[in-house]
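Have a look at the structure below, then the notes.
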């Protein structure tokens with residue numbers, strides 16, 4: 001039995017886009033981001049949402065900047081990866097490479113490409129990040145990636161398959177999956193493609209849309225704040241007369257646009273701004289709240305978000321402690337995933353990233369010294385009073 005659905009748009013707008021998934025389901029996007037959005041964003045839409053929205057970009061850049069200050073170590077050797085190859089590839093240095101990792105992983109998945117599946121990093125063997133929006137996943141490959149894998153032989157057979165990677169000049173390159181190592185922000189166990197992780201941006205899209213509307217609203221209101229509405233008044237002798245004739249209307253518009261500071265008018269008029277008080281709209285407050293919500297979903301402490309906006313009432317100590325907590329619970333787990341990838345790829349041992357050199361550690365060191373001093377004072381006090389510490 002077959003069913004036919006006939007959609008008639010009538011006087012309504014045509015859909016912005018129409019898509020069909022592999023199961024045959026149709027998805028119609030009828031509105032722009034200010035009214036509705038798709039449940040799942042494409043990789044290209046995620047990147048556009050990040051780069052075009054100040055609130056999201058500020059959150060992304062904060063995490064990327066902080067992550068890129070980390071130092072990789074193997075045992076006692078600092079900047080170990082730099083000793084293997086001075087730059088990760090021919091286009092960027094290691095600091096930018098680490099910055100890019102955090103950027104891509106925050107969109108859902110960071111794809112590290114190791115050409116020819118090299119086992120040694122150095123000489124002409126490089127590593128670089130792929131743009132997720134340029135990767136084409138064929139349905140037949142997704143079917144294989146969504147299946148159950150019970151042996152290394154099955155995994156090896158699957159990773160011999162290739163994906164098409166689109167280049168800026170319109171050409172494309174086929175890249176075997178075994179040359180690509182994915183790193184995930186959330187999980188790769190939901191999408192049905194274990195090479196693709198889930199993105200927080202899907203959950204944030206309405207908030208991103210709200211912040212964009214706040215910016216658009218402020219821009220529009222600032223534009224109209226320079227404009228005025230002028231009303232004429234009825235004659236007290238003839239209440240049936242029109243407040244303003246067409247000639248008077250044109251005359252007033254000409255006067256309002258003239259450079260003169262004083263104008264004489266025949267009849268009383270009322271002048272009112274289109275926008276009386278932008279502050280009452282609380283547009284900046286709305287944008288600020290959206291920024292906080294976006295930052296909180298990326299696990300950034302409120303104190304650090306405020307400091308990043310130069311908000312008042314935030315002390316240096318609170319900011320440094322917030323950075324320390326953020327590094328401990330957000331940066332280090334993401335760094336461990338990346339370093340594990342390098343160890344698996346090239347056989348390195350004990351590779352890690354550390355922020356021990358960062359200034360925020362001084363605040364924690366001061367606190368640690370205060371605790372140590374308090375313990376020593378208690379020991380001295382106990383001995384002075386003849387208290388046996390072993391009995392406490």
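The requirement of being in contact with a strand residue (DSSP E or B) (Cβ under 6 Å, 6 or more places away or on another chain) and either closer than 25 Å to residue 337 by Cα or at pLDDT below 90 (or both) is not satisfied by residue 154.
Can we say residue 349 is under 25 Å from residue 67 (Cα atoms), at pLDDT 75 or above and in a loop (DSSP other than H, G, I, E, B)? Spell out the reasoning first.
Numbers: under 25 Å from residue 67 (Cα atoms): yes; at pLDDT 75 or above: yes; in a loop (DSSP other than H, G, I, E, B): yes.
Here the answer is yes, as residue 349 does meet what is asked.
Among the residues making up the stretch 104-145, those that are surrounded by 12 or more Cβ atoms within 10 Å (Cβ to Cβ) and assigned to a loop (DSSP other than H, G, I, E, B) are 107, 108, 114, 118, 121, 126, 127, 131, 137, 138.
Condition check for residue 97 on (1) surrounded by 17 or more Cβ atoms within 10 Å (Cβ to Cβ); (2) not in a helix (DSSP H, G or I): one failure, at (2). From the list 286, 296, which one is part of a helix (DSSP H, G or I), out of contact with any strand residue (DSSP E or B) (no Cβ under 9 Å at 6 or more places or on another chain), modelled with pLDDT under 85 and under 25 Å from residue 57 (Cβ atoms)? Going through 286, 296 in turn, just one is part of a helix (DSSP H, G or I), out of contact with any strand residue (DSSP E or B) (no Cβ under 9 Å at 6 or more places or on another chain), modelled with pLDDT under 85 and under 25 Å from residue 57 (Cβ atoms): 286.
The values are calculated or read from the model by the stated rules, or taken from the named source; none is laboratory data. In this text the structure is predicted, and so the values were computed from the model without any measurement. Note that each Cβ is placed from the backbone with ideal geometry, even for glycine, and that neighbours are counted across all protein chains shown.
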